[in-house]
């Protein structure tokens, strides 16, 4: 099976030849190519080269255009600080909607395809052309809560939920509009799946998530499906209290980050939900050994059951030893969802 | 409900207006500012920390309670200064050079302030030189450094080196934290402690200073 066929088998409920492997790599992939991260996030050709080289070198089943939280925000005109070799960062002090009244004058979601968003589209087209026969191609959008934080400032947004819920609803209506438009064109460009990165959602707790965030995530997921796409939901951090909501969105894949025990994630998201994760990228993948990683993956296989994709809980960090990354793929290749445990981590 | 309960409840519920009003009423009734801090604000923020650790409060509630606490503290600080009273412990906190993330740092700063410490927040992208200058000028008991990216963590080591070079390292306790940070890294760079959460940071500051 190709990596693409393998992932499709998992998502369609068929038994693949062995487990699929979809670790998130960004700076790690740039380092594999020998490119600076600034080049990686600025030039889709560098990103495509890096993703393909990394996927082929280690044996991943997919390639991705995930890069940094500032892509849409850049094109909207947000103040961004650029670095030579780390992700560009949004300058929160000068957030685009620091003044709430500027939201009403914001560019219409369908009209904002500037350089960086176009660059991702070009990346998808290039990945599709060069690797799409064998590898799953992943697009990416900022989720409604994350984009709201990017444009309003995370600290401001956190208190806005109580201070001005009406504004938050308007803000999220805007950000989900941006995400829907961006996701749609990525699907047209050939993305097999759209990642939704909504990290800020892990900070708010179930009350705020259910009232403000979930309905907008659902709107986005439904829209992606209506456009013929699939969804990988990625909420970094401790999502223990919102697992039920995450499982109810209808996403093809839900990523689980390391603070959430997999044996809680599985029953709360449902037996039919494909889960990916959740090794600790620093504590287990970077700082571990192939042996400790193997033991941890054995335990995860038992806890997650079928419909599980091998991955870390979040991005594989740069400086991770290659043998450790290979350990993830080696495990995937030597195990199916029916595999008996050889040893189980305690 | 007594006024001091009102201040406690206002901080717990994140109501800055009520916290300010309750403080004004207390002061008008002759309350001692440091008593209000130690007997109302600190217990309220301790409870906020407990609720956060218990995953009943989340970042929005924490920030709102912190804001309510600060609105009360704004009324009390000038009175403390006028009477020559100071918070017993001074903490310098910042996100390290090259890193603009601050939500975790802000939460820790709020919790430390709510514990009755004086907190000097240097903000984000704080160079080693700026940390050193703050230690020289403000003479804190503790320096807290935050990083959210593995690529910015090396700035923690650079800051430790800068404190050593300036001859200031032994004058302060240094704590580090942030998502990619580990106890192992804290030991590697010679930090005095590491905490994986805000509540832990407060406890660590207290225990380090108790053992000092």
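Structure summary
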{"quantity": "For segment B:3-82, convex hull volume per residue from C-alpha positions, Å³", "calculated": "71 Å³"}
{"quantity": "Number of partner chain Cβ atoms within 10 Å, mean per residue of A:154-160", "calculated": "5"}
{"quantity": "Rounded, prolate or oblate (a/c below 1.5 giving rounded, otherwise prolate when a/b exceeds b/c) for segment B:90-210 by Cα gyration tensor", "calculated": "rounded"}
{"quantity": "Distance from segment B:83-131 to segment A:21-46 (C-alpha centre basis), Å", "calculated": "34 Å"}
{"quantity": "Shielding by partners, peptide A:71-83 (average Cβ within 10 angstrom, other chains)", "calculated": "1"}
{"quantity": "Listed residues A:242, A:24, A:208, most fluctuating in chain A (Gaussian network, C-alpha, under 10 Å)", "calculated": "A:208"}
{"quantity": "For segment A:83-165, Kirkwood radius (reciprocal of mean inverse C-alpha pair distance, Å)", "calculated": "15.4 Å"}
{"quantity": "Segment A:258-305-segment A:308-323 distance, computed between alpha-carbon centres (Å)", "calculated": "12 Å"}
{"quantity": "MRE, 222 nm, helices only [DSSP H, n ≥ 4, -39500 (n - 2.57), over chain A, to nearest 500]", "calculated": "-14000 deg cm²/dmol"}
{"quantity": "Listed residues B:78, B:154, B:43, most fluctuating in chain B (Gaussian network, C-alpha, under 10 Å)", "calculated": "B:78"}
{"quantity": "C-alpha long axis of helix A:154-163 to longest principal axis of chain A, angle in °", "calculated": "60 degrees"}
{"quantity": "Global geometry of segment A:230-302, whether rounded, prolate or oblate, following the gyration tensor of its Cα atoms and the 1.5 cut on a/c", "calculated": "prolate"}
{"quantity": "Global geometry of segment A:9-84, whether rounded, prolate or oblate, following the gyration tensor of its Cα atoms and the 1.5 cut on a/c", "calculated": "oblate"}
{"quantity": "Contact order normalised by residue count of chain A, Cα under 8 Å, 6+ apart, percent", "calculated": "19 percent"}
{"quantity": "Descending semi-axes in Å of segment A:128-220, equivalent ellipsoid built from Cα gyration tensor", "calculated": "29, 12, 10"}
{"quantity": "Whole-number percent relative contact order across chain B, with pairs defined as alpha carbons under 8 Å at least 6 apart", "calculated": "18 percent"}
{"quantity": "Where N is the number of residues in chain A, Cα Rg divided by 2.2 N^0.38 Å", "calculated": "0.94"}
{"quantity": "Candidates A:275, A:233, A:243: whichever shows maximal mean-square fluctuation once chain A is modelled as a Gaussian network with Cα springs under 10 Å", "calculated": "A:243"}
{"quantity": "Relative frequency of Cα-Cα separations exceeding 18 Å in segment A:118-179, percent", "calculated": "49 percent"}
{"quantity": "Using alpha carbons only: equivalent-ellipsoid semi-axes of segment B:35-163, gyration tensor based, whole Å", "calculated": "26, 20, 10"}
{"quantity": "Counting DSSP beta bridges with both ends in the protein assembly as shown, the antiparallel % (nearest 5)", "calculated": "5 percent"}
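Readers should treat all values here as calculations from the given coordinates under stated rules, not as data from a laboratory. Not measured: the values here are computed from a predicted model. Cβ sites come from the backbone with ideal geometry, for glycine too, and all protein chains shown count toward neighbours.
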